[in-house]
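Trainee: One structure coming up, written as structure tokens, with questions to follow.
The values are calculated or read from the model by the stated rules, or taken from the named source; none is laboratory data. Small disclaimer: the values here were computed from a predicted structure and weren't measured. Cβ coordinates were reconstructed from backbone atoms using ideal geometry, including for glycine residues, and neighbour counts include every protein chain displayed.
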Amino acid sequence: MKEYIVTIVGGASSYTPGIVRSLMNRRERLPLKKLVLQDVDSEKLELMVNYLSILFQDEEYDAQVHWTTDREESFRGADFIFTQIRTGGLEMREMDEKISLEHGLVGQETCGPGGFAFAMRTIREMVEITRDAQRIAPEAWIINYSNPLPILAEAVRREVPHSRSLFICDMPIVQELAMAATLDYKHRDLTFEYFGLNHFGWYTSIKNSEGEELLPKLREILLSGEEMKMVDFGHLDQSWITTFNNIREGVKAFPEYIPLTYIQYYYFPERIVKKYNPDYTRANEVMDGRRKRIYEECKKVVSAGTTQGIEHTLDAHGDFIVDQAVAVAHNTGERFMVNVVNNGTFPNLDDDMVIETFGRIDAHGARASKKFEVPPFYRAFIYSQNTYEKLTVDACMEGSYNKALQALTLNPTIPSVDKAREILDALIEVNGDYFPVLK
Ligand code: G6P
Ligand code: MN
């Protein structure tokens, strides 16, 4: 059986141990010859590789593990390139969130002005990574976990035609697990339908194996005030629980579909601003929580020389990316949520729009399964969000202040040109060289 070489770009991230554990759990389906971790932070890379070497030994997992800061070197011979980059780190995420809130706007990682700033820092790097992968490892599939995913997917679509890229998000799966639990079903016994963009969409149907439509039942449960049943997939901090329960507010507003969690930022920006603490944001929670915990676990293992007796945090986030690699490697055609170019899937939206919907993944990549005519309200909403995304890519690639201002003006979380200009100027100042020069 073929043995694979997997490269993780952003390999020093605290998500790496979870992804590697998922690779180990799927060793039968995806036997690994070599794992390469690439990142800019050599100290953390070394820690990660030392930790993984001990883990591999303890678990009798005989893959080699290497680290490098050199992207070219990390791509040579790769079959899969997983990307999870965060240009500027959680420290810049913190700035994005806090500055937005200071200006009375949604302070969030991927939505609103925070997502815009994250995109401006990341777009060019993502394009370079994809170009390098195409040149150095033309057979490799790039599976992207990097955010803001829809904007990066749009940039790659335009700038690197025919790249072998998949764009994956764990949010829908986590929400589906919670919805299934709330309905008292197993996730695998339900079939969901969804339309929209990444971090911006709606569920239109939830059917059980007998074909019974359960969406009305879920709506009823939510509207009765009952809490969502959460499932442990790394979203159990109080802020995430609140976000999940806000799905109810979205259903109260427009009951026909079940909105994705992230819709709260677009339906209720003022409520979010009012509730969020501008001195301690989600970035702080992650820095003090997940990030700290994972690196401490790695350090403990390295100093003990064994994983025995040291608890590790399980993180199913890794399973989702490895499952897609397995689907490609074995040409399975399994059903996943996919991010693909529209090409008629939503016939009343532009063909070149990157959309999120259910589809299949096989050796040729991802394709959408079902056509869906988007109703007028949702269509207009999607257009403003998608045009914001496209203008953000324009602004970054052309270095255009005007396009950046138009992007932010269209973003559904920002109420006016004045606010858009105010936050744009603040973000430009704090981001310095992370941003392209905007003229
Ligand atoms: C969800 C989204 C990811 C996002 C993450 C942030 O899982 O799908 O795209 O990066 O949330 O989670 P965090 O715990 O860092 O706030
Ligand atoms: Mn996501």
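Trainee: Looking only at region 309-345, count every residue that is touching a strand residue (DSSP E or B) at 6+ places or on another chain (Cβ under 7 Å) and within 30 Å of E373 (Cα to Cα) and tell me the total.
Mentor: Qualifying residue count, region 309-345: 17.
Trainee: Answer yes if at least one residue in region 309-316 is surrounded by fewer than 20 Cβ atoms within 10 Å (Cβ to Cβ) and within 29 Å of Y203 (Cα to Cα), and no otherwise. Break it down into steps so the answer makes sense when it comes.
Mentor: Just the residues of region 309-316 that are surrounded by fewer than 20 Cβ atoms within 10 Å (Cβ to Cβ), to begin with: 309-314, 316.
From what is left, the residues that are within 29 Å of Y203 (Cα to Cα) are 314, 316.
Checking region 309-316: at least one residue is surrounded by fewer than 20 Cβ atoms within 10 Å (Cβ to Cβ) and within 29 Å of Y203 (Cα to Cα).
Trainee: Taking into account only those residues within region 170-195 that are charged (D, E, K, R), within 14 Å of K207 (Cα to Cα) and in a loop (DSSP other than H, G, I, E, B), which is nearest to ligand 2 (Cβ to nearest atom)?
Mentor: Applying the filter and picking the extreme gives K186.
Trainee: Go through region 184-218 and give me each residue that's in contact with a strand residue (DSSP E or B) (Cβ under 7 Å, 6 or more places away or on another chain) and farther than 15 Å from I355 by Cα.
Mentor: Within region 184-218, the subset in contact with a strand residue (DSSP E or B) (Cβ under 7 Å, 6 or more places away or on another chain) is 190-198, 201-207, 213-215, 218.
Those that are in contact with a strand residue (DSSP E or B) (Cβ under 7 Å, 6 or more places away or on another chain) and farther than 15 Å from I355 by Cα: L190, T191, F192, T204, S205, I206, K207, E213, L214, L215, L218.
Trainee: Here is a check on your reading of the model: is T413 within 20 Å of the chain's Cα centre (by Cα) and within 16 Å of S100 (Cα to Cα)?
Mentor: Details: within 20 Å of the chain's Cα centre (by Cα): yes; within 16 Å of S100 (Cα to Cα): yes.
Answer is yes for this residue.
Trainee: Can you name the residue in region 197-213 that is more than 16 Å from ligand 1 (Cβ to nearest atom) and assigned to a loop (DSSP other than H, G, I, E, B) and, of all such residues, is nearest to the chain's Cα centre (by Cα)?
Mentor: By that ranking, first place goes to N208.
Trainee: Then there's this: What is the one condition in (1) away from ligand 2 (no atom under 16 Å from the Cβ); (2) in the same structural domain as Y257 (by TED's automatic domain parsing) that A117 does not satisfy?
Mentor: The one condition A117 does not meet is (2).
Trainee: Would you check if I173 is more than 21 Å from K229 (Cα to Cα) and β-branched (V, I, T)? Before the answer, list the steps.
Mentor: Details: more than 21 Å from K229 (Cα to Cα): no; β-branched (V, I, T): yes.
Spelling it out, it is not the case that I173 is more than 21 Å from K229 (Cα to Cα) and β-branched (V, I, T).
Trainee: Report the residue count in region 169-194 for those that are surrounded by 24 or more Cβ atoms within 10 Å (Cβ to Cβ) and hydrophobic (A, V, I, L, M, F, W, C).
Mentor: Adding up the residues that qualify gives 1.
Trainee: Same structure again: Output the residues belonging to region 154-196 that are over 21 Å from S13 (Cα atoms), out of contact with any helix residue (DSSP H, G or I) (no Cβ under 7 Å at 6 or more places or on another chain) and within 16 Å of ligand 1 (Cβ to nearest atom).
Mentor: The answer is P172, and nothing else.
Trainee: Out of the residues in region 129-151 that are of a type in the set (A, V, I, L, M) and buried (at least 23 other Cβ atoms within 10 Å of the Cβ), state the one that is farthest from G11 (Cα to Cα). Explain how you work it out, then say what you get.
Mentor: Residues of region 129-151 of a type in the set (A, V, I, L, M): 129, 133, 136-137, 140, 142-143, 149, 151.
From the residues that got through so far, the ones that are buried (at least 23 other Cβ atoms within 10 Å of the Cβ) too are 129, 133, 142-143, 149, 151.
On the way: I129: 14, A133: 16, I142: 14, I143: 13, L149: 18, I151: 22 Å.
Checking each candidate, the answer is I151.
Trainee: Out of N339, N343, N402, N331, report the one residue that is farther than 29 Å from I81 by Cα and of a type outside the set (F, W, Y). Full working, then the answer.
Mentor: Values: N339 fails: farther than 29 Å from I81 by Cα; N343 fails: farther than 29 Å from I81 by Cα; N331 fails: farther than 29 Å from I81 by Cα.
Matching residue, one of N339, N343, N402, N331: N402.
Yes/no matrix, rows are residues, columns are (1) crowded, with 23+ Cβ neighbours inside 10 Å; (2) more than 16 Å from ligand 1 (Cβ to nearest atom); (3) of a type outside the set (G, A, S):
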| residue | (1), (2), (3) |
| --- | --- |
| L45 | no, yes, yes |
| M48 | yes, yes, yes |
| Y51 | yes, yes, yes |
| Y61 | no, yes, yes |
| V65 | no, yes, yes |
| Q84 | no, no, yes |
| G114 | yes, no, no |
| A119 | yes, no, no |
| V127 | no, yes, yes |
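Trainee: Can you name every residue in region 99-112 that is away from ligand 2 (no atom under 16 Å from the Cβ), in a helix (DSSP H, G or I) and crowded, with 21+ Cβ neighbours inside 10 Å?
Mentor: I99, S100, L101
Trainee: On to the next question. Among the candidates L410, L438, which residue alone is surrounded by fewer than 23 Cβ atoms within 10 Å (Cβ to Cβ), free of Cβ contacts under 8 Å to residues at least 40 places away in the same chain and outside the structural domain of P259 (by TED's automatic domain parsing)? Write out each step before concluding.
Mentor: Values: L438 fails: free of Cβ contacts under 8 Å to residues at least 40 places away in the same chain.
Only one candidate passes the filter, namely L410.
Trainee: From the list L214, L222, pick out the single residue that is touching a Phe, Trp or Tyr at 6+ places or on another chain (Cβ under 9 Å), more than 16 Å from ligand 2 (Cβ to nearest atom) and modelled with pLDDT of 95 or more.
Mentor: Numbers: L222 fails: touching a Phe, Trp or Tyr at 6+ places or on another chain (Cβ under 9 Å).
Exactly one of L214, L222 is touching a Phe, Trp or Tyr at 6+ places or on another chain (Cβ under 9 Å), more than 16 Å from ligand 2 (Cβ to nearest atom) and modelled with pLDDT of 95 or more, namely L214.
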